[in-house]
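Colleague: Take a look at this one; I'll ask things after.
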Amino acid sequence: MKMILLGPPGCGKGTHGKRISSRYDIPIISTGDIIRVAVSSGSALGEQVKGYMASGNLVPDDIVIALVKDRLTQDDCKNGFIFDGFPRTVPQAEAIDAMGICVDMVLSIELPDQVIVNRVTSRRVCPSCSAGYDVNDNPSRDGVTCDMCGATLIQREDDKAEIVENRLKVYHEKTAPLVAYYEEQGLLHPHRSETGYRLYSIDDICNLNVIRALRELDMPLSEIRAYLDRRSPGELVELLERRVVRWRGES
Ligand code: AMP
């Protein structure tokens, strides 16, 4: 399965990505993580991009696209992958199409800006194993070190309030248009929660994948609806997992 996670910084893409990654056993390709590794290694590429990241601006498309192309050559991508934070611009989305990648699903998580600012500024991360915490809602046990590996937690420089505002501005200008881009391709189905935000849960993802699988078998939508109503979430996951196995060409 090839999936894209869309949404503003701090909306939960990484958290959802990890769950989906372990459920389907496919890697998360986070361009933010790739760029952070380059910056902290002090490589020529890192030197070239660190200013963009520090100011909350986007790294130029050609650089990011080249990094993704390179990552996709690795063996663990052969059964699929989850893009987290890529694409962030229409040219990046077009580059995915030009690479001949057939995206199966786009997940878009939307939250109001003020919620984002609060969430991002209270976020803390482990510089060693990348585990994420929130000083208010999900602190580590001692509030200072990582529960997983014991490293001292940090606040990312670009999670500081003054930079977050620019990241949100950039998100609205450059990345939000991708919602319409993927809606037009039929890959993103708007789903409004009670609070009015478009949000897909892991179970929605399963349902959408099952719908896609059944549509490919030419089942009419009315029958698909009845089919989904008759099945428990567990059965749907099982059905989907069988479908994923088929995608992987293992049976
Ligand atoms: P993230 O961890 O996804 O929030 O990304 C952190 C920073 O890395 C962003 O603010 C950008 O400076 C850069 N970055 C990550 N992904 C991309 C991308 N797809 N295109 C351009 N810049 C990116």
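Colleague: Which helices (runs of 4 or more DSSP H) does segment 12-55 wholly contain that include 2 or more residues that are modelled with pLDDT under 90 and under 20 Å from ARG167 (Cα atoms)? It would help to see each step written out before you state the result.
Modeller: Details: elements: 13-24, 31-41, 44-55.
Once the helices (runs of 4 or more DSSP H) in segment 12-55 are filtered for at least 2 residues that are modelled with pLDDT under 90 and under 20 Å from ARG167 (Cα atoms), what remains is 13-24.
Colleague: Report yes if some residue within segment 14-29 is surrounded by 16 or more Cβ atoms within 10 Å (Cβ to Cβ), under 24 Å from GLN155 (Cβ atoms), near the ligand (Cβ under 8 Å from one of its atoms) and aliphatic (A, V, I, L, M); otherwise report no.
Modeller: No, every residue in segment 14-29 fails to be surrounded by 16 or more Cβ atoms within 10 Å (Cβ to Cβ), under 24 Å from GLN155 (Cβ atoms), near the ligand (Cβ under 8 Å from one of its atoms) and aliphatic (A, V, I, L, M).
Colleague: Filter segment 102-127 down to the residues that are away from the ligand (no atom under 14 Å from the Cβ) and of a type in the set (S, T, N, Q), then identify the one that is most open to solvent (accessible area, probe 1.4 Å).
Modeller: So, considering only residues that are away from the ligand (no atom under 14 Å from the Cβ) and of a type in the set (S, T, N, Q), the one most open to solvent (accessible area, probe 1.4 Å) is GLN114.
Colleague: Oh, and also: Among the numbered criteria (1) assigned to a loop (DSSP other than H, G, I, E, B); (2) of a type outside the set (Lys, Arg); (3) out of contact with any helix residue (DSSP H, G or I) (no Cβ under 9 Å at 6 or more places or on another chain); (4) free of Cβ contacts under 8 Å to residues at least 24 places away in the same chain, which single criterion is violated by VAL115?
Modeller: (1)
Colleague: May I pose another question? Residues of segment 60-87 being outside any helix (DSSP H, G or I), surrounded by fewer than 21 Cβ atoms within 10 Å (Cβ to Cβ) and either modelled with pLDDT under 95 or within 9 Å of the ligand (Cβ to nearest atom) (or both), which ones? Explain how you work it out, then say what you get.
Modeller: Pass one, segment 60-87, residues outside any helix (DSSP H, G or I): 60, 73-74, 78-87.
From the residues that got through so far, the ones that are surrounded by fewer than 21 Cβ atoms within 10 Å (Cβ to Cβ) too are 60, 73-74, 78-80.
Hits for segment 60-87 are PRO60, LYS78, ASN79, GLY80.
Colleague: Yes or no: MET99 under 19 Å from ILE28 (Cβ atoms), loosely packed, with under 15 Cβ neighbours inside 10 Å and touching a residue at least 24 places away in the same chain (Cβ under 8 Å)?
Modeller: Values: under 19 Å from ILE28 (Cβ atoms): yes; loosely packed, with under 15 Cβ neighbours inside 10 Å: yes; touching a residue at least 24 places away in the same chain (Cβ under 8 Å): yes.
Answer is yes for this residue.
Colleague: Just to be sure I understand, how many residues within segment 36-76 are farther than 27 Å from ILE26 by Cβ and touching a residue at least 24 places away in the same chain (Cβ under 8 Å)?
Modeller: Qualifying residue count for the region: 4.
Colleague: For segment 128-178, name all the residues that are assigned to a loop (DSSP other than H, G, I, E, B), touching an Asp or Glu at 6+ places or on another chain (Cβ under 9 Å) and loosely packed, with under 14 Cβ neighbours inside 10 Å.
Modeller: ARG141
The values are calculated or read from the model by the stated rules, or taken from the named source; none is laboratory data. What you see is a predicted model, and the numbers here were worked out from it, not measured in a lab. Please note: Cβ atoms are built from the backbone with ideal geometry, for glycine as well, and neighbour counts cover all protein chains shown. All accessible areas refer to the heavy atoms of the entire protein, side chains included, with ligands and DNA or RNA removed. Shrake-Rupley method; radii C 1.70, N 1.55, O 1.52, S 1.80 Å.
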